[in-house]
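The values are calculated or read from the model by the stated rules, or taken from the named source; none is laboratory data. Everything numeric here is computed off the predicted structure, so don't read it as measured data. Cβ placement follows ideal geometry from the backbone for every residue including glycine, while neighbour counts extend to all protein chains displayed. Each accessible area value is taken on the protein alone, full model and side chains, heavy atoms only, with ligands, DNA and RNA left out. Shrake-Rupley method; radii C 1.70, N 1.55, O 1.52, S 1.80 Å.
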Amino acid sequence: MQTTRTVPVNGIELFVREQGSGPLVLLCHGWPELSYSWRHQIAALAAAGYRVVAPDMRGFGRSSAPAEVAAYSMFDLVGDMVALTAACGVHRAAIVGHDWGAAVAWHAALFRPDLFCGVAGLSVPPPYRGRERPLDALRRQGIENFYWQYFQSPGLAEAEFERDPELTLRTILGGGFADAAALFVAPGQGLLRSPPPNQLLPDWLDEDDLAEFVAAYRASGFRGGLNWYRNIDRNWELTAPWQDAQIRQPSLFIGGAQDAVVTSLLGGKRVAEMERVLPALTRKLILPEAGHWIQQERPAEVNAALIEFLKRLEF
């Protein structure tokens, strides 16, 4: 039976959903999501013999949301997962992440191979630290309207998204990132452009599910999650000691064939070359006709792949 609680970790408090007993598996969600995004995985992994803990990540939902932008560096985010593992009373765990949560999972495995015995990333390939700050690289290519750039000014995206949280989440979750154009901000329109107020939801997301997300974001606002993006260049600076480092634990990647994050020029190159970072990659699973919200869209296939992967690990 799933339970919820609030756990003090790393100077903040994390709201977590928890179920099962056995080796610990952490599930890290992305933006703009919640621990609820793992609703199809928690019970399935618990039934397979694992203790599953899915937090609302720092800045999201019912977890703490520090005001300072600097409180959302990759060191803070990974530190939360390290402390959460300790709070669960174990010294080894597997970590799984989707979207921004995948970035946290990859870096957790990179920073703490003694603690995280295996890592699975969904929708976002493993880190590859380029030669310059990511935002500088965009500008050098003449790109000024990518959504990362739009999110940099505190208050700008918040104002757009918080004007109507239901419309925001219906648009972003319902529309997904199948079209790479959705990752760019139209002049004078914001990221949402001009969405129809009655946009139909995809078949994997019903109105009750949407209401769960909407209620959480109405209460928390969007700033906490957006502050993750405001540390993109800072994370590049902080991770300098791991230049060209590899994640040597067993790893798994799952993505959607219709996800622009995976199929774009840069994303596609990173997916194709991820073995450079993941020498112990066990499987690269690209699900046809699937988009960005992969664990919600295709839970049966994702669950089967995760369970097969977890059974390989030595906790």
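Every listed requirement among (1) hydrophobic (A, V, I, L, M, F, W, C); (2) part of a helix (DSSP H, G or I); (3) open to solvent by less than 80 Å² (accessible area, probe 1.4 Å); (4) more than 25 Å from A94 (Cβ to Cβ) is met by L201 save one, (2). When we screen L287, L278, L252 for residues that are within 20 Å of A105 (Cβ to Cβ), free of Cβ contacts under 8 Å to residues at least 40 places away in the same chain and of a type in the set (A, V, I, L, M, F, W, C), the only hit is L287.
Which members of the stretch 82-116 meet the condition of being farther than 26 Å from G291 by Cβ and open to solvent by less than 10 Å² (accessible area, probe 1.4 Å)?
First pass over the stretch 82-116, keeping only residues farther than 26 Å from G291 by Cβ: 82-93, 110-116.
Result: L84, T85, A93, F116.
The residues of the stretch 20-36 that are closer than 22 Å to L226 by Cβ and in a loop (DSSP other than H, G, I, E, B), listed by number, are H29, G30, W31, P32, E33, L34. Residues in the stretch 80-96 that are in contact with a Ser or Thr (Cβ under 9 Å, 6 or more places away or on another chain) and not charged (D, E, K, R): 3 in all. Only one entry in R62, R17, R39, R58 is part of a helix (DSSP H, G or I), among the basic types (K, R) and closer than 27 Å to Y229 by Cα, namely R39. Of the helices (runs of 4 or more DSSP H) lying entirely inside the stretch 209-315, the ones with 2 or more residues being at negative phi, surrounded by fewer than 21 Cβ atoms within 10 Å (Cβ to Cβ) and at pLDDT 95 or above are found at 223-229, 232-238, 299-310.
Can you list residue pairs whose Cβ atoms sit under 6 Å apart, with the first residue in the stretch 79-102 being acidic (D, E) and the second being surrounded by 21 or more Cβ atoms within 10 Å (Cβ to Cβ) and in a strand (DSSP E or B)? Count only pairs 6 or more apart in sequence or on different chains. Partner pairs satisfying both residue conditions: D80/V9. Within the stretch 132-173, the residues that satisfy the criterion of being open to solvent by 20 Å² or more (accessible area, probe 1.4 Å), farther than 15 Å from G188 by Cα and under 19 Å from the mean Cα position of the chain (by Cα) are P134, W148, Q152, R170, T171. Restrict the check to the stretch 127-148 and report whether at least one residue is touching a Phe, Trp or Tyr at 6+ places or on another chain (Cβ under 9 Å), free of Cβ contacts under 8 Å to residues at least 12 places away in the same chain, outside any loop (DSSP other than H, G, I, E, B) and closer than 28 Å to H107 by Cα. Within the stretch 127-148, one or more residues are touching a Phe, Trp or Tyr at 6+ places or on another chain (Cβ under 9 Å), free of Cβ contacts under 8 Å to residues at least 12 places away in the same chain, outside any loop (DSSP other than H, G, I, E, B) and closer than 28 Å to H107 by Cα.
Applying the selection to the stretch 88-101, what residues are farther than 15 Å from P250 by Cα and not in a strand (DSSP E or B)? Step through it out loud before you land on a result.
Within the stretch 88-101, the subset farther than 15 Å from P250 by Cα is 88-91, 98-101.
If the condition is that a residue be farther than 15 Å from P250 by Cα and not in a strand (DSSP E or B), then C88, G89, V90, H91, D99, W100, G101 are the ones that fit.
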